[in-house]
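Note sheet for the following structure.
The values are calculated or read from the model by the stated rules, or taken from the named source; none is laboratory data. If you're wondering where the values come from, they're calculated on a predicted model, not measured in any experiment. Here the Cβ positions follow ideal geometry from the backbone for every residue, glycine too, while neighbour counts run over all protein chains shown.
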Amino acid sequence: MLVFGVREMCNMRFISLKLSVLCILLGLVVIVSAQGRRRNEVVGPNDAFAGKQLFRSPEWTATGLTCIHCHADFNEKKDPDGKVRPGHSLFNAGYRNIFNKWDKGTTHSLQEAIRACMVRWVTKREEKGNSGVEPAQHHLRQVIAFLKSENMIQESKTKSIEPMWTEQIPGDRMLKVGDVALGFRLFRRSCEACHASDGTGPAPSLVKNGYSRYQIAKKIRHINNPGLNGLVMPAFPLDRLSDRELINVVVYVFQM
C-alpha cells in the first residue's frame, strides 16, 4: 500500500509538472503573438513613405492594379492631372469618420475600407470568385500611415463624398448617338490606364472587343458584371462619369 501511494504521488507530481510546462509554453505563444500584432500596429518612421510607394506603384500587387488606378492621392480640384478615376480622391481622407466601400456599403474603419479594396482588386486571386487573399498587415499599416501623413491631411475632420451609384443606363438608341472624338478623349482620361490598346495594362485590351454597346455600358456602371480571371472592373458612378460621357465612351469603345 505504501509503495502504491508513493507511486501514485509521483505520477500526480509528474502530471502537474507537465501541466505547468504546457501552461508556460502557451503563455510564451500568447506573448509572441501579441508582440507580433503590436509590431504590425506600431507605425514606423518609414511607413508613410512606403505607403506612398504602395499607393502609386503596381509592382507589389498580384493583379497589376493599385490604389492610384481608382483614387488620386492629391487634390483633384486644385491640382488636376487630367485623369478621371472611378473613385474619389483620398487626399485629406485619413481621418474621416465614415468610408464608402466598393460594394456600396460603408464602414467607420479606414483599415477595413482599404482591406476590402485590396481583397477585391490587388491581392492574389482566389481559385473561385472575384476576390483575393487577405492583404499583408504591414501593407495595410503602411497605406494607412500614408493617408494619415502630414502631406495628405489639411484638416482632421472631413466628410465622406457619397458616390452617385446607379442601376440604370441609357437606352439602345441613346447609346448610338455619342461623339466618337469626345469618346476617344474620355477613353484616354478614364480607361487607358487599365485597358491599354497594346495589351500591356492590368485589364484586357478593348481592340476588337466584340461587346455590344449595352454590354459596354453595363460593365462601366458595374451592373451584372461577372468579371474575368477573378477581377471585376470598378464602377464609374454618375458623379465620376455622367450619362453623356458614358454614351461617348461607349460609342468609341464599340468601334475600336
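Find the residue count for the range 85-138, including only residues that are of a type in the set (Val, Ile, Thr) and touching a Leu at 6+ places or on another chain (Cβ under 9 Å). Step through it out loud before you land on a result.
Filtering the range 85-138 for residues of a type in the set (Val, Ile, Thr) gives 98, 106-107, 114, 119, 122-123, 133.
Of the ones still in play, those that are also touching a Leu at 6+ places or on another chain (Cβ under 9 Å) are 114, 122.
Going through the range 85-138 one residue at a time, the tally reaches 2.
Are any residues in the range 158-207 farther than 26 Å from Thr63 by Cβ and aromatic (Phe, Trp, Tyr), and if so, which ones?
The answer is Phe184, and nothing else.
Filter the range 156-212 down to residues that are farther than 17 Å from Ile247 by Cα and basic (Lys, Arg) and give me whichever is modelled with the lowest pLDDT.
Lys157
Just wondering, is there one or more residues in the range 64-76 that are in contact with a His (Cβ under 8 Å, 6 or more places away or on another chain), surrounded by 10 or more Cβ atoms within 10 Å (Cβ to Cβ) and modelled with pLDDT under 55?
no
Check off (1) of a type outside the set (A, V, I, L, M, F, W, C); (2) in contact with an Asp or Glu (Cβ under 6 Å, 6 or more places away or on another chain); (3) not in a loop (DSSP other than H, G, I, E, B) for Pro170 and give me the number that stays unchecked.
Pro170 satisfies every listed condition except (3).
Identify all residues within the range 173-219 that are among the charged types (D, E, K, R), in contact (Cβ under 8 Å) with a residue 12 or more places away in the chain and assigned to a loop (DSSP other than H, G, I, E, B); write none if there are none. Before you say what the answer is, go through the steps one by one.
Taking the range 173-219 as the starting set, the residues that turn out to be among the charged types (D, E, K, R) are 173, 176, 179, 185, 188-189, 192, 198, 208, 213, 218-219.
Filter once more, so that each one left must be in contact (Cβ under 8 Å) with a residue 12 or more places away in the chain: 176, 179, 189, 208, 213, 218-219.
Listed by number, the residues that qualify are Asp179, Lys208.
Can you work out which of the residues in the range 219-241 that are over 16 Å from Gly87 (Cβ atoms), out of contact with any Gly (no Cβ under 9 Å at 6 or more places or on another chain) and surrounded by fewer than 16 Cβ atoms within 10 Å (Cβ to Cβ) is modelled with the highest pLDDT?
Across the range 219-241, the extreme among qualifying residues is Ile223.
Since Asn100 meets every condition but one in (1) at negative phi; (2) out of contact with any Pro (no Cβ under 7 Å at 6 or more places or on another chain), which condition does it not meet?
Failed condition: (2).
Tell me the residue from Arg125, Arg115, Arg96, Arg120 that is over 19 Å from Arg240 (Cα atoms), at pLDDT below 95 and outside the structural domain of Arg240 (by TED's automatic domain parsing), please. Don't jump to the end; show me each part of the working.
On the way: Arg125 fails: at pLDDT below 95; Arg115 fails: at pLDDT below 95; Arg120 fails: at pLDDT below 95.
Of the residues listed, the single one that is over 19 Å from Arg240 (Cα atoms), at pLDDT below 95 and outside the structural domain of Arg240 (by TED's automatic domain parsing) is Arg96.
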